[in-house]
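Working notes, structure below.
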Amino acid sequence: MATVGKEAFCVNIRWLIRRDMPEVLAIEKQGFEFPWSEEDFLRCLRQRNCIGMVAEHDERIVGFMIYELHRSRLHVLNFAVRAEFRRRGVGTQMMRRLAAKLSQQRRDRILLEVRETNLPAQLFFRANGFRAISLLRDYYEDSPEDAYLMQLTYESTAGDALVDDGSRRRAC
């Protein structure tokens, strides 16, 4: 787990619940030029195949992820860590938890899109085993920006640090 001048710590990763929304929205607004609205979150989370998770430290939400379950893959729709908690292992712990859901028999990959201009996110996901597999032209509705489609496959996690046996309540 890479940390740059900041102390790493463990977080508790759990399901997102309704009372988490104010903190999740604050992280979203802090982290993105074109943030999701509360209605965007709720519309997504009402779908049967959409899951929300939060990373909690000292009873404070420090990160979140929203992903969809598909037949053969997981698709990350939204992912963010509170600015003052970045580069302290929070995002990596959340990715470990998600990668632990992969298996050769069922869902064998995680997909996500990253803005072409979001170099910190590209580098973070690359450091966590993701690879860019295609360029999506004019992908976003809110800007003419392109996106990279990035993928993590089950095979690439087999011996990596991303594998988490799921037996621990706290992911470190």
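For the stretch 2-65, the square roots a ≥ b ≥ c of the C-alpha gyration tensor eigenvalues yield an a/c of 1.5 or more together with a/b exceeding b/c, which makes the shape prolate. Near V11, the amide H atoms lying under 5 Å from its own belong to A171; only residues 5 or more places off or on other chains count, and H is placed 1.01 Å from N.
Can you give the longest stretch of the chain with no exposed loop site, where a site means GluC sites (Glu not before Pro) in a DSSP loop (not H, G, I, E or B) with at most 12 other C-beta atoms within 10 Å?
Details: sites that count: E7, E33, E59, E141.
Excluding the exposed sites themselves, the longest stretch runs over 60-140.
Once the mean of 1/r is taken over each pair of separate Cα atoms and inverted, the chain shows a Kirkwood hydrodynamic radius of 16.4 Å. Among the trypsin sites (Lys or Arg not before Pro) in the stretch 57-158, those placed in a DSSP loop whose Cβ has at most 12 other Cβ atoms within 10 Å are R71, R106, R137. Summarising the amide proton neighbourhood of V62: residues at separation of 5 or more, or on other chains, whose placed amide H is nearer than 5 Å comprise A55, E56, H57.
Less than 12 Å Cβ to Cβ from Y148, Lys/Arg counted +1 and Asp/Glu -1: what total charge do the surrounding residues give? Before the final figure, lay out each step's value.
On the way: positive: R115, R126, R131, R137; negative: E113, E116, E145, D146.
Here the count lands on 0.
Residues whose amide H comes within less than 5 Å of that of L16, counting only those at least five positions distant or on another chain, are G52, M53, V54 (H built at 1.01 Å from N in the peptide plane).
Annotation for the stretch 39-55 versus the stretch 105-149: alpha-carbon center distance of 20 Å.
Here, each number is a calculation from the coordinates, and none is a lab measurement. Bear in mind the structure is a predicted one, so any value in this text is a computation, not a measurement. All Cβ positions, even for glycine, are placed from backbone atoms using ideal geometry, and neighbour counts span all protein chains on display.
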